[in-house]
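S.K.: Provided herewith is a single structure, encoded as structure tokens, for subsequent inquiry.
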Amino acid sequence: MAAQEFLQPALAGLDPTVGGVDPALPLYATTFVVVDLETTGGAPDGGGITEIGAVKVRGGEQLGVLATLVNPGVPIPPFITVLTGITQAMLLPAPPIEQVLPSFLEFVSDAVLVAHNAPYDVGFLKAACAKHGYRWPNPRVLDTAALARRVLLRDEVPNRKLGTLAAYFRAATQPTHRALDDARATVDVLHGLIGRLGGHRVDTIGDAIEFARAVTPTQRRKRHLADGLPRSPGVYIFRAADDRPLYVGTSRDIATRVRSYFTAAEKRARISEMLAAAEQVEAVECAHSLEAEVRELRLIAAHAPPYNRRSKYPERVVWLKLTDGPYPRLSVVREISPGDRAYLGPFTSRRAAELAAAGFHDAVPLRQCTHRLSLRTVTPACALAELGRCPAPCEHRISPEEYDVRAVTPFATATTGDPQPVVDALLARIEALSADQRYEDAAVLRSRLAAVLRAAVRMQRLAALSGLAEVAAAHPAAGGGWELALVRHGRLAGAGVSPPGVHPRPTLATIRATAETVPPGHGPVPAASPEESERILSWLERPETRLVEMSAGWSSPVAGAARFRDLLTKAEGAASRQLWSERS
């Protein structure tokens, strides 16, 4: 097995988000286990370890030592014997690795693992655990070689080899290619490197591990922006020197999330540019994750931060509606009004609205021309009438009453009730095209069908929620108690958390007394952005969420668009597979 196969799993141990040691623990209070292995020189395949040396230290004091030879079960290559002095005769009475691992794993528990070129040692140890059925504890790992690359300049040491660093820091024990000697030398190197970290404002084990990784100078210089932030759910705002919001985000743990922007895991170019301009981070604590998500959406909509890509312009939605006057047609508009006869939306883009409109044009005989027609004056018909794609109301070939029954009513019914006639018509056309082996044309109609169903399902779900004057709901909190939300006309009006062991009714009463007043309005999203109402819907529809009180019954049409969700999923899945095939 190639060593490269174990490189990435080994690097997982270098992740500061794993392990049981608190990353905020000061370096002087951190327990380190400095380990070194001698091996047969092969790949980390679960064996090959010939010697383990480990030293446990904290605050500069030695707490314990573990050292043992290990019988690898295979012959020792001669060059390894020459390098280390370990012979086959020395290893014959030694215990195999499966007998050594329990003691070693107990020795490193609740400590930070330290090694020079840590991925190599960690790779062998993880492979041995996997082969012999031991759970790797995934401790936090500090690599002294990587740390030296960040701390020491080239004119101080010519390289970062253990022998070079041990000599530079005047280690009491020089490395000899024996595990315990090399581990003791690494202890002195570790202490020397920690002494240099204070000048870089690195005081905790989490900071030290991140400092050893490949963070940019900007991340290192600006990491103090994460100091003092709360470890609670909420919204964080990166601000420029002029207090202008640059980026808005949300997290269940603000402090941890903001710190992640200053780690090697953050590689997005636009975020690096944002960090260079940021001068402060503001935190807005929230009761729970739903309130944080909603506040994030509202702040992005209000300030349009330049480094946020999504949710910046919620007002740029469009609608598909029937025009007024005789022989209505479909029109893409920015706003709807109470006088509109029927409409569908909101759509996030004009292209999406036009795709749904094309689906309706394929299913029902709505006219597509933009002329304003008169019941008295005849207008020459276009090519669509000659092709049988339009009933030619411009030439009065169809009465207003028949046009209403055949074209207008199916659209109006599909948007607020049953889209069955539209779905049946589109499916019939798709089947006919497929029977004629016109698969590309059938795929186009399938995309239009998906656009129609997607918009109808979305609008009917939003309308069902926004039609309720008030909904009070509760979700179990992670630490006990209940997360409470008060929703009015699809808008989050109040939020809070009731403590564990306390009945949530008094907290809910307080939330209601201080909640935002939300007047009713027109349309499926009269009081909030579509994204906010959808976030609320997702939260309300979780299996654990309980509906506490409602001003009226919450319902959707029995024969509504939601019953075609399986068909919509199949249509979207087929479209995705086709796109993947075309790109491959």
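S.K.: May I ask you to list the trypsin sites (Lys or Arg not before Pro) in region 83-163 that are in a DSSP loop and have at most 14 other Cβ atoms within 10 Å of their Cβ?
M.R.: In loop regions of region 83-163 (DSSP not H, G, I, E or B), the sparsely surrounded trypsin sites (Lys or Arg not before Pro) are Arg135, Arg154.
S.K.: Further question on the same structure: Given +1 on the Cβ of Lys and Arg, -1 on the Cβ of Asp and Glu, and no further charges, what dipole in debye does region 467-584 carry about its Cα centre, rounded to the nearest 20?
M.R.: 160 debye
S.K.: Roughly how many Å² is the accessible area per residue of the chain, as a whole number, for a 1.4 Å probe?
M.R.: On the way: 27760 Å² over 584 residues.
With all protein chains present, the chain gives 48 Å² per residue.
S.K.: Is the shape of region 263-375 best called rounded, prolate or oblate, per the rule: a/c under 1.5 gives rounded, else a/b larger than b/c gives prolate, else oblate, with a ≥ b ≥ c the square roots of the Cα gyration tensor eigenvalues?
M.R.: Numbers: a/c = 3.54, a/b = 2.63, b/c = 1.35.
In terms of gyration-tensor shape, prolate.
S.K.: Another question, if that's okay. Averaging over all projection directions, find the projected area of the Cα convex hull of region 396-522 and quote it in nm² with one decimal place.
M.R.: 13.1 nm²
S.K.: Give me the extension gain from Arg341 to Thr514: residue separation times 0.36 nm, minus the current Cα-Cα distance, reported in nm with one decimal.
M.R.: Residue separation times 0.36 nm, minus the Cα-Cα distance, leaves 58.6 nm.
S.K.: Sticking with this structure for a sec: As a check on your grasp of the helix formula, calculate [θ] at 222 nm for the chain: sum -39500 (n - 2.57) over DSSP H runs of n ≥ 4, divide by the residue count, round to the nearest 500.
M.R.: After summing the helix terms and dividing by the residues of the chain, the value is -12500 deg cm²/dmol.
S.K.: Quick check on the chain: what are the equivalent-ellipsoid semi-axes from the Cα gyration tensor, as sqrt(5λ), descending, whole Å?
M.R.: Calculated on Cα positions only, the semi-axes equal 65, 30, 22 Å.
S.K.: What FRET efficiency would be calculated for the residue pair Leu427, Ala214, taking the C-beta separation as r and a Förster radius of 51 Å, to the nearest 0.05? Before the final figure, lay out the partial values.
M.R.: Details: r = 54 Å, r/R0 = 1.07.
Calculated transfer efficiency: 0.40.
S.K.: Using label points projected 7 Å from each Cα along Cα→Cβ, tell me how many nm separate Arg244 and Val502, to one decimal.
M.R.: 4.3 nm
S.K.: What is the antiparallel percent of DSSP beta bridges lying wholly in the chain, to the nearest 5?
M.R.: 90 percent
S.K.: What is the Cα centroid distance between region 87-124 and region 151-177, reported in whole angstrom?
M.R.: Measuring centre to centre over Cα atoms gives 24 Å.
S.K.: Here's another thing I want to ask about it. Under DSSP H, which helices of the chain have Cα atoms covering 18 Å or more of the helix axis and a Kyte-Doolittle average no less than 0.0?
M.R.: 118-132, 179-197, 289-303, 420-435, 439-466
S.K.: Charges on Cβ only, +1 for Lys and Arg, -1 for Asp and Glu, centred on the Cα centroid of the chain; of Met550, Thr84, Ala208, which one is farthest towards the dipole's positive end?
M.R.: Met550
S.K.: Is the C-alpha gyration tensor of region 209-269 telling us rounded, prolate or oblate? Criteria: a/c under 1.5 is rounded; beyond that, a/b larger than b/c is prolate, otherwise oblate.
M.R.: Judged from the Cα gyration tensor, region 209-269 comes out oblate (a/c at least 1.5, b/c at or above a/b).
S.K.: Another question about this same structure. Could you give the length gained by full extension between Leu567 and Leu25, i.e. 0.36 nm per residue of separation minus their alpha carbon distance, to one decimal place?
M.R.: Working: separation 542, 0.36 × 542 = 195.12 nm, distance 5.33 nm.
Here the answer is 189.8 nm.
S.K.: Give me P(r) over region 54-213, computed from all C-alpha to C-alpha distances, binned every 10 Å, as integer percentages.
M.R.: That works out to 9, 36, 36, 16, 3, in percent per bin.
S.K.: Then there's this: Could you tell me the distance between the Cα centroids of region 242-270 and region 26-55, to the nearest Å?
M.R.: Here the two parts' Cα centres lie 35 Å apart.
S.K.: Evaluate the charge dipole of the chain about its Cα centre and quote only its size in Debye, nearest 20, assuming +1 on the Cβ of each Lys and Arg and -1 on the Cβ of each Asp and Glu.
M.R.: Value, rounded to 20: 1120 debye.
S.K.: What spacing in nm lies between the two simple spin-label points modelled at Thr81 and Arg310, each 7 Å away from Cα in the Cβ direction?
M.R.: In this crude spin-label approximation the distance works out to 6.2 nm.
S.K.: Net charge within 13 Å of Gly560 by Cβ-Cβ distance, Lys/Arg positive one each and Asp/Glu negative one each, not counting Gly560 itself?
M.R.: Spelling it out: positives minus negatives among the neighbours equals +3.
The values are calculated or read from the model by the stated rules, or taken from the named source; none is laboratory data. Quick caveat: nothing in here was measured; it's all calculated off a predicted structure. As a convention, Cβ positions derive from the backbone with ideal geometry for all residues, glycine included, and neighbour counts pool all protein chains shown. Accessible surface is based on the protein model in full, side chains and every heavy atom, while ligands, DNA and RNA are left aside. Shrake-Rupley method; radii C 1.70, N 1.55, O 1.52, S 1.80 Å.
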